[in-house]
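Laboratory data are not the source of any read-out in this text; all were calculated from the coordinates shown. From a predicted model like this one, the values you see are computed outputs, not experimental measurements. Neighbour counts run over all protein chains shown; Cβ positions are idealised from the backbone, glycine included.
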Amino acid sequence: YIACSHNTFSQTSNPLNQSTAEDDWSFPKTVNKSFNAGLYDVPGTPDALSLLLRWKDLNPAENVYDWRPIDAAVATGKPFFIRIWASDTLHCPRWIRKKYPNIPILKNGGGIAEQSYFDLFEASPSNFYAMWDPGFDAELKKFLLAFKAKNYLANPNVKFMYAPGS
């Protein structure tokens, strides 16, 4: 896992060079926004620890979980964010592919992502599992339920969490 006091991302393009027209993140009129949808910002926590984790590190074998990185963050008594990387093939447990060899892999994010990127862990060729595949979906939900059972989000020092599919 990676813990850092601030987020620094190496990107191939500078978001400051985008035009205003590219910044419309509103929902179409036909979509009803859920209470927890949209862009996020956590004001007032500039010194919070960013705990960047990979699914494969937290769930290295089927029905085996390693929560030590989160337990260590809790033990600090300081505020922190949790970000779990779960859809890039590099961040998924290897046992997923063995158990479900036919999960589709979207090359370059299905044509919408960069050819490759660096995501703070390693350089990725930008290959993602189809998260809607029934096997992938079932295993990710099982992992997220195991995470939920740990009750980390009840801790007042957890200021924010993001995990795809959650």
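Considering only C-alpha atoms, what is the centroid distance from the stretch 125-166 to the stretch 63-109, in Å?
8 Å
So which lysines pass the test for Lys141, namely a Cα distance under 29 Å, with those fewer than 8 places away in the same chain ruled out?
By straight Cα distance, Lys141 reaches Lys33, Lys56, Lys78, Lys98, Lys99, Lys107, Lys150, Lys159.
Using modelled backbone amide H atoms (1.01 Å from N, in-plane), which distant-in-sequence or interchain residues come within less than 5 Å of Leu49's amide H?
Phe80, Phe81
HN-Hα J couplings of the stretch 54-65 from phi, Karplus 6.51/-1.76/1.60, θ = phi - 60°, integer Hz, Gly and Pro as x?
Once rounded to whole Hz, the list reads 10, 3, 5, 7, 8, 9, x, 9, 4, 6, 10, 10.
Order the peptides 50-57, 81-88 from the highest to the lowest mean number of other Cβ atoms within 10 Å of their residues.
81-88, 50-57
Under 5 Å between amide H atoms, partner at least 5 residues away or on a different chain: which partners does Arg54 have, H built in plane at 1.01 Å?
Those qualifying (amide H under 5 Å, at least 5 residues apart or on another chain) are Trp85.
Given H placed on each backbone N at 1.01 Å, which residues far from Met161 in sequence or on other chains put an amide H within less than 5 Å of it?
Sorted by chain and number, the residues that satisfy this are Ile82.
If a/c stays under 1.5 just call it rounded; otherwise compare a/b with b/c (prolate if a/b is bigger, oblate if not). Do that for the stretch 57-101, with a ≥ b ≥ c from the square roots of the Cα gyration tensor eigenvalues.
In terms of gyration-tensor shape, oblate.
For the stretch 131-137, take each phi angle, set θ = phi - 60°, evaluate the Karplus expression 6.51 cos²θ - 1.76 cosθ + 1.60, and give the result in whole Hz per residue in order, putting x for glycine and proline.
Result, rounded to whole Hz: 5, 8, 4, x, x, 4, 4.
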